[in-house]
Structures are given as structure tokens and as C-alpha cells.
There are 2 protein chains.
Amino acid sequence: MRIQDVAAAAGVSVSAVSKVLRGAYGVSPQMRNRVTAAIEELGYRPHTGARAMRGRTYTIGVVLVELASPFQTEVAQGISDELDNTPYQDIIVTAGTSPKRQKASIEALLDRQVDGLVLVAPWLDTTWIEEIAKTVPVVTVALHGSPTTFDSVVDDERLGARLMVDHLVTAGHRRIVHTSMPPGESEGVFVLSHTARRQGFEQAMRHHGLEPDIIETWYSEEGGHRAALEAFARPEPPTAIFAGADVAALGVLRAAEEQGLRVPEDVSVAGYDNIYISTIRRVSLTTVDQSGHRTGEKCARLLLERIGGRTEPKQFVVAPKLVTRRTSGPPPGGAEA
Amino acid sequence: MRIQDVAAAAGVSVSAVSKVLRGAYGVSPQMRNRVTAAIEELGYRPHTGARAMRGRTYTIGVVLVELASPFQTEVAQGISDELDNTPYQDIIVTAGTSPKRQKASIEALLDRQVDGLVLVAPWLDTTWIEEIAKTVPVVTVALHGSPTTFDSVVDDERLGARLMVDHLVTAGHRRIVHTSMPPGESEGVFVLSHTARRQGFEQAMRHHGLEPDIIETWYSEEGGHRAALEAFARPEPPTAIFAGADVAALGVLRAAEEQGLRVPEDVSVAGYDNIYISTIRRVSLTTVDQSGHRTGEKCARLLLERIGGRTEPKQFVVAPKLVTRRTSGPPPGGAEA
DNA sequence: GTTCGCCTGTAGAACGTTGCACAAACCCCG
DNA sequence: CGGGGTTTGTGCAACGTTCTACAGGCGAAC
């Protein structure tokens, strides 16, 4: 089933069919009708590989770190939904946090001639991203900075961290520990989520006249668990732990439970991301929400604009929202802990 | 950067480079060396679109219902990991439960000339799947039946349901409610997970001389919640609820909490899937484990075999495993409830 | 009635691979 | 040293699309 067959069936030239397919200029209504009828009747579908040789593939590549991260999959879902009634199809690949594998995944997508690329929290040298952005439209998610050759969508994570610190301080907490991650090797002017959150935490704490207290582990259940055990073992343990990510907060909750600490009576626990688990009654974690779905939608729109011809870079900032649930409250002994 | 450039750099013909690339027969070691050196030096990467015109694309399409389903993403991860050091790249698309959108997604993948297709829990007419399996290797996940034109990997979900019923009955439960879903329109000889689980439940209950009791809602938090409320409102409420899926079990837990019922003292709750949430301390749900990761690995291997030339269909059954945690125990009043 | 410009539609040359068909070189054996 | 077979390397015709360049027709304006 080739374009040629459609042309034959409609009694027109191959070029004419191609024009109709691409919505190009110079097509009379009656020809358009005959061609679309023929396409319909034959059930013709364009061969993407052949298209890739000359023009567009109508494919958007989405690079995620991992599918287990709810925020990332929400972004992907947002892209998918936004693209739903366009001719574009999104395809997802997972790349892990290793820069080497990430690079390989992106290259695999470039080999497949995607028309656009969404990089969610890329652990990559930004100069390399700038490089590929010369070839194909790119939008990054959760990369803080001011890129000039590509677009970006970020949650204002410094603000988000500040909201959380304000919430805890207002409740009376003074000794607040933040769990973070080691900065990526490739972070410089451009910075990833965890660094932005840490910076927001530090800023907000100082603003309240408090000394920022950070334990560096990993954004994972295990990482949160380790950080919490370390914090609890101190002579003066914190009255609140603000984990850099909800997954880590889960580990903090486990550690608290193991140590016989009640939450929030003995210690308040908070996270960041508002992942699905945090919403369920049994967990009910105080956290910061950044809508992955809206982020994804925006990415898709930016990409379509770029494909449509825009060249000046755009940056879109999503506002974070504090979500207070049942894991946070006043410190033991009240506001004067 | 074309194959031609590589040929020129290596001082050989284009065909020769192609042979090396494809690992084809008739290549001397020294030519292979020169060509690979040239490829390396130039950083050449084959153009997938051009390949699609003639041969393989080295791309495996993975169709998931949604990224929010942990089992499905685990399968995808398993595929990805298994493919990691092969020349094949997996790409994921999400298709939803609507047969129409699923069909569109699969077609989008076929347009892109994938070399193989993994369909995870497809809500589709199996004759249509048989149809596309004529064109491209297909392996389905969680489709119970005996396909002749494609491969399949299934968890023995009837057995899994039986394990759970045995567990509950042994603990002393007699009034057990199972929450299920309406069977798909396209289910006939071939059956999806929820139907297999329901069948396993029915069989196991009868085997114990008990009447199967099923409430049909949806595999979702909300669905489980509704089913549980209905069950609790009965004159003789069940002492155990075996939700067809962990997500639904979460809704059951919420309903129990709202009704002031303690778990497992007043009512036991169990699920199926062993999703990540179920493992966290705060939830600790009794469930049945089916390893999504192993399932995915097997899918990839089956597909590679098919691409390698196998034609007779294979079916692979993964054994489910009962995971007892803290949401199940003896019924109130002991074994003689 | 000629000229000019616009509007429709077409021919055909790419695009970068693959793999068949074939040629050349080589090896082994009688 | 001739003949057969095998191994190694090459030429070239696809594959299905896009899009430029161009031809022909038609209408308006003079």
C-alpha cells in the first residue's frame, strides 16, 4: 500500500497525493476530496521510514530517567495527551541516570529522526544538549538555568522548598534537616531539581535566621532511610525532616517507625513531588506538588511551536503548591521546641 | 555522515560497509577492522529511516495501557534491560484501555516499521492481533489463551488467586469477597488478567466448599473503595476482601479506615500485583507477586528468537508467589467466624 | 487578441540503506 | 597447471516518500 497506489486509485499524480498528505499549497478542493477518499478506501498509511528520508517523521522522542518515577511518567502522560489529536506520536525511552546511557538513548532517538525531543531531568553536559538542539527542537524539563538554543519547563523548586520551610517554621520547628543528593557531575550554571531544592532550602532557612542542615544521600527509599537514621542518632535530633523527594520521605517514615517515633507527634516529615503514594490515606504525606501533567502539556506545545518555526528560546515556569497532610504538625513540646 | 563516507574513509565499497554493519557473511578480518576503525573515527551512525526502507529498524515497540500501572512499567523496564546490550532499542507508547486508541497506537508503531511488538494486557480483538502477527513478531503479556501466530507471557493468575484464597481460608475466613472488573468486550477464548483472577477465585472457593462472592467495579483506588463500601454495608459483611489488584486494595483500605474497621483485626485485605506501594511499611499489603521485570525480560528474549527466525509459537508461564504482609490475619472471633 | 500572472497539477531527482547478482581472487587437488 | 569450488569484495537497483522546478490552462487587463 504505497502512495502510488493511492495516486492510481484517485487518478492523480504521486506528487498530488503527497501535497494533500502534507496539506501543502496548490490543491483544489475536488482533488483533495478524491485523494482523501482514495486514502480512506484503501486504508493507506504513510511509511514513516520513507518520510524520514526526506521530511518529517511526526515523531516526538521523550527521554525519561526511569518509569518508576511518578513525576516523570506524569510528564510523559501530559505530552501524550497534548499530542493526541495532532499528527505527532510520542515515543518514550528510559535512559537511567548514567550520562553514558542517557547519551546513547538520545542518540538512538536521533537515529530515528525524531522531529522533537523532550529531555526530562537530563543528567548531561548542557553543551552537548545545546549541540543537538541545533539539529532538532529540544525542550528540557527540570533543568534550571537559561538555555539559549532550546526551551525549558521548570517547576520553581526554590520557591517550593521555601514554601515547605515556611510551613514547618510557622508550625514552630527550628531544627529542620533536609535530605539531598550529591550534585551531578555535569551541573554548572545549569542545575537539576535536587540542587534547586537544596538552594531553596538553604535560602529559606537563612531567611528565618536558621542554619541550614543537610544530609546528602540519594533520592530513594533507602537513601531517605539512611539519612533519617543518621539524623535521629544525633544528640539533638531534628524535629522535622524535609526530604528532597517523596520517595526519600517514605524511607524517613520507615526509619521513624523503626525508632518508635510517632509522626507527626515526635517528628514531622515532608517530601517533594506529591507522587501518588503520598496521596493515599495510609501515607498522607505533606509535600510540594508540581503538576507533571501540566508540565508535559507545556512541553508538547513548546515543541510544536518550534517545529512550526519559532526560533527564539522560551522558558516556562510552573508554580509549585504546598500540600499539607498528616505527616506534619507542631514540634513536640509545642512551638518552643 | 553517510555509509558512503565511511566507505570512502576505509577505502572500500559501500556494500562492504553494509556487510560489516549487518554482520553479514563474506567479510575478511582485515576489512572488518578497517571498516570498524573508520566508523569509530567518523562517529558514523546508521540512519534508521533509511534502514526501514530496506531492512530492519532495530526497534522494538512496547505498548502499555498506562504508565501509572507499576506492573506494566516493570515489564517495560525488564524489556529495556534485556535489550541493553543488543543492537535493538525499545520504544514505549501508551495506549489507554480504549480499543480504538490501542489500535491507533499499534498502527503508529507499525508505521514506524518496528521489528517486534510487545503488547501488555491488550484490550483488543485477538483476531486483529493475529492479523498483525503475520507481518511482525508479536508477544503479548497477560493475555490468557493459546495463540498460534504469536508468543505470549502470562502469570498463572488462576493459580495466584488460588494461593490467596487458600491463605485466607486457612486463616479461618469463610466470607470472602473478591473485587473484579467487567470482562472486556473483546474477551472470548482469550482472557485478560482480571478474568483469569476471577476464575481462579471462583474455582478455589468452590474447592473449599464456599460460594464465590464477587463485586464488580474497576481496578482503581476508587473502584476498590466503592466495592468495599458495598460489602461493608451488607447484613453479613465479609471478614476478608481480596481485591483483584493492589490499587483497588488501597481503596478497600481507605474504606475500612473510614468505617472505623481495623485491618487486619476486623477485616483482612489482600490485593494482587505486589506493586511498589504495597511494599512500603505504612501499607504492607498482603498480595500476590508476579515479577514484571522477569516477564519483560522473557518478552524480549522471545521476540529476539522470533526475529532470529523461529516460527512455532511459544507460551511462557510465570509462577505467581503469595506475599503475606500485615493486612491479613485470622477473622474476628478466630477461626470460627 | 495578446500578454501577463496566477493557480493546479506533474515529472523526477534525491534521501541512505540493503542485499542480490556477479566478478575477481584464491585455494586445493588431481 | 588446469579445473572446480570457495571466499571476498563490488555495482546497482530497489525501498516510499518529499519537494523543486516546471508545464499547461485560465482569466484579467490592456
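For B:K298, the lysines whose Cα comes closer than 18 Å to its Cα, not counting residues fewer than 8 places off in the same chain, are B:K314, B:K321. For the stretch B:3-46, the solvent-accessible area of protein heavy atoms averages 60 Å² per residue (probe radius 1.4 Å; ligands and nucleic acids excluded). With the whole protein complex present, B:V93 retains an accessible surface near 0 Å², based on a 1.4 Å probe.
Whole-Hz Karplus values for the stretch B:280-292 come out as 6, 3, 5, 9, 6, 8, 5, 7, 10, 9, 10, 6, x Hz, taken residue by residue from phi with 6.51 cos²θ - 1.76 cosθ + 1.60 and θ = phi - 60°; glycine and proline positions read x. Accessible area ranking (1.4 Å probe, heavy atoms, ligands and nucleic acids excluded), largest first, for B:T127, A:T73: B:T127, A:T73.
With every protein chain in place and a 1.4 angstrom probe, the accessible-area ranking of A:H208, A:H194, largest first, reads A:H208, A:H194. Ordered by solvent-accessible area of protein heavy atoms (1.4 Å probe), largest first, the residues B:M53, A:M164 come out as B:M53, A:M164. Heavy-atom accessible area for A:L42, with the other protein chains in place and a 1.4 Å probe, reaches approximately 60 Å².
Would you work out if the protein assembly as shown is rounded, prolate or oblate? Take a ≥ b ≥ c from the square roots of the eigenvalues of the alpha-carbon gyration tensor; rounded if a/c is under 1.5, else prolate when a/b is larger than b/c, oblate otherwise. It is oblate, given that a/c is not under 1.5 and a/b is not larger than b/c. The GluC sites (Glu not before Pro) of the stretch A:138-201 meeting both criteria, a DSSP state outside H, G, I, E and B (loop) and at most 10 other C-beta atoms within 10 angstrom of the site's C-beta, are A:E185. Taking amide H atoms as placed 1.01 Å from N in the peptide plane, the amide H of B:T179 lies under 5 Å from those of B:I215, B:F242, B:A243, B:G244, each 5 or more residues away in sequence or on another chain. Solvent-accessible surface of the stretch B:134-255, averaged per residue with a 1.4 angstrom probe and all protein chains in place: 37 square angstrom. Buried by at least 50 Å² relative to the chain on its own: which residues of the stretch B:238-272 qualify, computing accessible area with a 1.4 Å probe on protein heavy atoms? Flagged in the stretch B:238-272: B:E257. Tell me, Kirkwood radius of the stretch B:157-290 from alpha-carbon pair distances, in Å? Its Kirkwood hydrodynamic radius stands at 14.4 Å. The accessible-area loss of the stretch A:90-104 on complex formation, taken against its chain alone with a 1.4 Å probe, reaches 20 Å² or more at A:I91, A:I92, A:V93, A:T94, A:R101. Could you please state, rounded to a whole Å, how far the C-alpha centre of the stretch A:273-320 is from the C-alpha centre of the stretch A:52-97? If we compute the Cα centre of each part, the gap is 14 Å.
For chain B, a Kirkwood hydrodynamic radius built from all Cα pairs, placed in the Stokes-Einstein relation at 10 °C and 1.306 mPa s, yields a translational diffusion coefficient of 72 µm²/s. Per residue of A:68-76, other chain Cβ atoms within 10 Å of the residue Cβ number 3 on average. Ligands, DNA and RNA aside, A:K321 has an accessible area near 120 Å² when probed at 1.4 Å.
To put it simply, the accessible area of the stretch B:3-46 at a 1.4 Å probe is 51 percent carbon and sulfur. Counting only protein heavy atoms and rolling a 1.4 Å probe, how much accessible area do B and A lose on contact, total for both sides, in Å² to 100? So the total buried area for this chain pair works out to about 4100 Å².
The relative contact order of chain A comes to 18 percent, based on Cα pairs under 8 Å that sit 6 or more residues apart.
The values are calculated or read from the model by the stated rules, or taken from the named source; none is laboratory data. Here the structure is a predicted model, which is why all the values come from computation and not from measurement. Positions of Cβ are generated from backbone atoms using ideal geometry, with glycine treated the same way; all protein chains shown enter the neighbour counts. Ligands, DNA and RNA are excluded from the accessible area calculation, which covers all protein heavy atoms including side chains. Shrake-Rupley method; radii C 1.70, N 1.55, O 1.52, S 1.80 Å.
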